[in-house]
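The values are calculated or read from the model by the stated rules, or taken from the named source; none is laboratory data. This one's a predicted model, so the numbers in the text were calculated from it and none came from an experiment. Neighbour counts run over all protein chains shown; Cβ positions are idealised from the backbone, glycine included. For the accessible areas, the whole protein counts, side chains as well, though only heavy atoms, and no ligand, DNA or RNA atoms are used. Shrake-Rupley method; radii C 1.70, N 1.55, O 1.52, S 1.80 Å.
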Amino acid sequence: MYDPPGYLWVITIVGITAIPAATCVALYSGAVRADLGRTRAALLAAGAAVVLGGWFTASAVIAGHGWYHTRLGHGVPWMPVAVAGFFGTLLALRQIPVVARALAAPGMTSRLELPHSFRAVEGAVFVAIMALGHLPALFALPAGLGDVAAGIAAPLVARRLAHGGGRRTALWFTAFGMTDLTSALTLGTLTAFQLVNVTPSAAPISELPLALIPTAAVPLLFALHITSLSALVKAPRTLRPATAPLPAAAG
């Protein structure tokens with residue numbers, strides 16, 4: 001069983017926790033902007049925290065029992081099942097009316113980019129563990145550096161969107177972010193299941209704390225990208241600033 005240094009445990013857990021926390025904040029803000037009221041907005045954010053926190057906890061328990069650490073052909077590959085299942089669940093939850101209304105609120109395109117800022121933390125963890133000799137460069141460099149780049153770019157993209165511009169930049173960022181996540185999942189699968197023979201293998205990503213990144217953080221980030229892409233495609237070329245005041249009711 002792989003047990004990284006304590007400081008990497010702390011950094012990984014903080015980064016993973018920050019992603020769903022920022023998502024809940026974005027949903028709360030979107031619900032308020034959608035005129036759902038602060039009480040319903042708080043309930044929506046709390047519900048999202050229960051769902052996201054519940055799965056993060058469940059995935060940690062699964063990883064703690066070693067159920068993600070399965071060789072192909074030797075039992076159910078629970079990690080791909082977990083990734084696909086959580087991702088599908090998130091896409092289905094977007095269809096709930098109150099969630100859909102919050103996601104369609106003015107300025108939501110910029111808010112949806114902010115959780116990606118914390119990808120820089122997870123990317124740095126991959127590179128650090130590779131430097132310790134416990135992850136292959138074939139996986140850690142593209143996955144880690146890609147996440148660092150996405151994490152640095154995210155607040156800049158969000159800022160431009162918040163000021164009513166940057167639609168094209170946001171589309172490129174979304175394309176890059178989705179490609180980065182897909183590449184990381186693909187390379188992680190190939191190296192963790194030893195379909196590509198490298199030394200060391202990427203087996204540590206099937207154990208705590210790293211297992212929470214592909215099974216919990218990545219599906220959430222991918223769902224955010226898809227939601228953002230849908231909003232950007234439907235949005236006018238000049239976006240409404242996120243900080244613009246709500247229109248006054250006709251008197």
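Being out of contact with any Lys or Arg (no Cβ under 9 Å at 6 or more places or on another chain) and in a loop (DSSP other than H, G, I, E, B) is the filter; apply it to region 187-197 and report the residue that is farthest from Ala131 (Cα to Cα).
Let us first name the residues in region 187-197 that are out of contact with any Lys or Arg (no Cβ under 9 Å at 6 or more places or on another chain), namely 187-192, 195-197.
Right, trim to in a loop (DSSP other than H, G, I, E, B) and you get 195-197.
Values: Leu195: 22, Val196: 20, Asn197: 19 Å.
Among those residues, the one meeting the criterion is Leu195.
When region 33-46 is examined, which residues are found to be part of a helix (DSSP H, G or I) and either of a type in the set (D, E, K, R) or free of Cβ contacts under 8 Å to residues at least 24 places away in the same chain (or both)? Spell out the reasoning first.
Step one: list which residues in region 33-46 are part of a helix (DSSP H, G or I), which gives 33, 38-46.
Matches in region 33-46: Arg33, Arg38, Thr39, Arg40, Ala42, Leu43, Ala45, Ala46.
Of Pro214, Pro209, Pro200, Pro204, which residue is in a helix (DSSP H, G or I), more than 14 Å from the chain's Cα centre (by Cα) and within 16 Å of Val127 (Cα to Cα)? Write out each step before concluding.
On the way: Pro214 fails: more than 14 Å from the chain's Cα centre (by Cα); Pro209 fails: in a helix (DSSP H, G or I); Pro200 fails: in a helix (DSSP H, G or I).
Being in a helix (DSSP H, G or I), more than 14 Å from the chain's Cα centre (by Cα) and within 16 Å of Val127 (Cα to Cα) holds for just one of Pro214, Pro209, Pro200, Pro204, which is Pro204.
If I filter region 105-115 for residues that are of a type in the set (A, V, I, L, M), open to solvent by 50 Å² or more (accessible area, probe 1.4 Å) and part of a loop (DSSP other than H, G, I, E, B), do I get at least one hit? Before you say what the answer is, go through the steps one by one.
Going through region 105-115, the residues of a type in the set (A, V, I, L, M) turn out to be 105, 108, 112, 114.
Retained after the next criterion (residues that are open to solvent by 50 Å² or more (accessible area, probe 1.4 Å)): 114.
Okay, now just the ones that are also part of a loop (DSSP other than H, G, I, E, B), so none.
No, because not a single residue in region 105-115 is of a type in the set (A, V, I, L, M), open to solvent by 50 Å² or more (accessible area, probe 1.4 Å) and part of a loop (DSSP other than H, G, I, E, B).
Applying a threshold of 6 Å to beta carbon distances and a minimum spacing of six or more residues, or different chains, the list of pairs starting in region 124-153 at a residue that is surrounded by fewer than 21 Cβ atoms within 10 Å (Cβ to Cβ) and ending at one that is assigned to a loop (DSSP other than H, G, I, E, B) and at pLDDT 95 or above is empty.
Residue by residue through region 6-22, note down the ones that are open to solvent by less than 60 Å² (accessible area, probe 1.4 Å) and over 20 Å from Leu132 (Cα atoms). Please lay out each step first, then the result.
Residues of region 6-22 open to solvent by less than 60 Å² (accessible area, probe 1.4 Å): 6, 8, 12, 15-16, 18-22.
Once the filter is applied, which keeps residues that are open to solvent by less than 60 Å² (accessible area, probe 1.4 Å) and over 20 Å from Leu132 (Cα atoms), region 6-22 yields Ile16, Ala18, Ile19, Pro20, Ala21, Ala22.
Residue under question is Ser29, and the condition is that it be under 27 Å from Leu190 (Cα atoms), modelled with pLDDT of 95 or more, open to solvent by less than 40 Å² (accessible area, probe 1.4 Å) and not in a loop (DSSP other than H, G, I, E, B); does it hold? Even if it seems obvious, please write down each step before you answer.
Details: under 27 Å from Leu190 (Cα atoms): no; modelled with pLDDT of 95 or more: yes; open to solvent by less than 40 Å² (accessible area, probe 1.4 Å): yes; not in a loop (DSSP other than H, G, I, E, B): yes.
Taking the combined requirement at face value, the residue does not satisfy it.
Condition (residue is crowded, with 17+ Cβ neighbours inside 10 Å, charged (D, E, K, R) and part of a helix (DSSP H, G or I)) applied to region 167-186: is it met by at least one residue? Yes, the conditions are met somewhere in region 167-186. Ala92 falls short on exactly one of the conditions (1) open to solvent by 20 Å² or more (accessible area, probe 1.4 Å); (2) within 18 Å of the chain's Cα centre (by Cα); (3) in contact (Cβ under 8 Å) with a residue 24 or more places away in the chain; (4) more than 27 Å from Ser201 (Cβ to Cβ), and that condition is (3).
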